[in-house]
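All remarks here apply to the structure that follows.
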Amino acid sequence: MTPAKPDHLAEARHAALHAWAAIAHFYCGEFEVFHKDDGPATEADRLADRLIVEHLARHFPRSDYGYLSEEFEDDATRLERSRVWIIDPIDGTNDFMDGLDDFAMHVALAERGSDGRFRPVAAIVYQPCPGWLFSARAGEGAFLEVEQRDDPDEAWWHSPAPDPATAHFDAPVRLAVSSTAAREALVAIVSRSHMTRRLKAALDGLAVARTLRRGSLGVKIADVARGAADFYLHTEHGRCKEWDLCAPHLILEEAGGRVTDLRGEPLDYNQPDVRAHHGVLASNGAAHDLLLRRLATIPELFQ
């Protein structure tokens, strides 16, 4: 009898929901904060990271799968694997710490292709506060499930002992990006907290119709995937990491969008250096080449 094919997406979803159940009490509560070179982390980040990895490793052993997660020391054996889980337990930690709702949990699986490059093939982006669960499998489209709530202010995880079995979602709705291609009609979405010199120069040079400001990278790219914005722009060199990008990357591509660096080069995952050194452009696809051409004329972006 042929063994059942592992359901990567189902286990990613299960891991994210159970990890959130374990850390939900920290949201708007008290928690320990740890300071890292690239920003803060909380005990909620670390606990969620550990629980997600432990769950996945029970189903997908380290002998076959690599693991790359934000909150724990990198294990170089992942570079020897053809499949690697890439995890950000709380993308948008500052928003989580401030009691805002612009954060998400990312769980993605990347696989090595015939060309040697790693690409995401299964992904979850879970936004607990609005109750939005985005998911995608490579070649099968991207979908949004919205949590069913009798009271908009009462989520399943507000219980003193949250049980993911009580989390009920509406039927998945297939996502589709916008079709806007004209620069003067485009809506950009960028970081709420990081208006850098490069980003200001890019926005001034693009002169698009409107700019939205949100928190987590996953939240912003998910907004592009669902058509609420036309493109996301990240201009800083090396600030984004693979765990920030991998899951929302697949969600957007499967919704019809496109993700590259600012030079138009594809992103490659499971690298020894996990930083995106040339920024990120994540768009609806229709406007991508136009945006790349205009960005190429802004010297500040490449200094």
Next item on the list: Working only within the stretch 64-83, note down all residues that are at pLDDT 95 or above and out of contact with any Cys (no Cβ under 9 Å at 6 or more places or on another chain).
Entry: D64, Y65, G66, Y67, S69, T77, R78, L79, E80, R81, S82, R83
Notebook entry, point to check: Which of (1) surrounded by fewer than 16 Cβ atoms within 10 Å (Cβ to Cβ); (2) farther than 21 Å from D7 by Cβ; (3) assigned by TED's automatic domain parsing to the domain that holds Y67; (4) not acidic (D, E) is the odd one out, the single condition T196 does not satisfy?
Noted result: (3)
Next item on the list: State yes or no: is R226 basic (K, R), at pLDDT 95 or above and surrounded by 19 or more Cβ atoms within 10 Å (Cβ to Cβ)?
Entry: yes
Margin query: Tally up the residues in the stretch 152-186 that are basic (K, R) and at pLDDT below 95, please.
Written below: 1
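Just checking, which of A287, A247, A276, A296 is more than 19 Å from the chain's Cα centre (by Cα), farther than 17 Å from T211 by Cα and in the same structural domain as D204 (by TED's automatic domain parsing)? Break it down into steps so the answer makes sense when it comes.
Working: A287 fails: farther than 17 Å from T211 by Cα; A247 fails: more than 19 Å from the chain's Cα centre (by Cα); A276 fails: more than 19 Å from the chain's Cα centre (by Cα).
Checking each option against the conditions leaves just A296.
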Notebook entry, point to check: Before we move on, is L68 in contact with a strand residue (DSSP E or B) (Cβ under 9 Å, 6 or more places away or on another chain) and farther than 17 Å from A104 by Cβ?
Noted result: yes
Notebook entry, point to check: Could you give every pair whose Cβ atoms fall below 8 Å, whose first residue belongs to the stretch 200-226 and is farther than 18 Å from E184 by Cβ, and whose second residue is of a type in the set (S, T, N, Q) and surrounded by fewer than 20 Cβ atoms within 10 Å (Cβ to Cβ), counting only separations of at least 6 or pairs across chains?
Noted result: G215/N94; G215/S193
Item checked: Checking D244 against (1) over 23 Å from P172 (Cβ atoms); (2) in a loop (DSSP other than H, G, I, E, B); (3) touching a residue at least 24 places away in the same chain (Cβ under 8 Å), the condition it does not meet -> (2)
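The values are calculated or read from the model by the stated rules, or taken from the named source; none is laboratory data. What you are looking at is a predicted structure, and each value in this text was computed from that prediction instead of being measured. Positions of Cβ are generated from backbone atoms using ideal geometry, with glycine treated the same way; all protein chains shown enter the neighbour counts.
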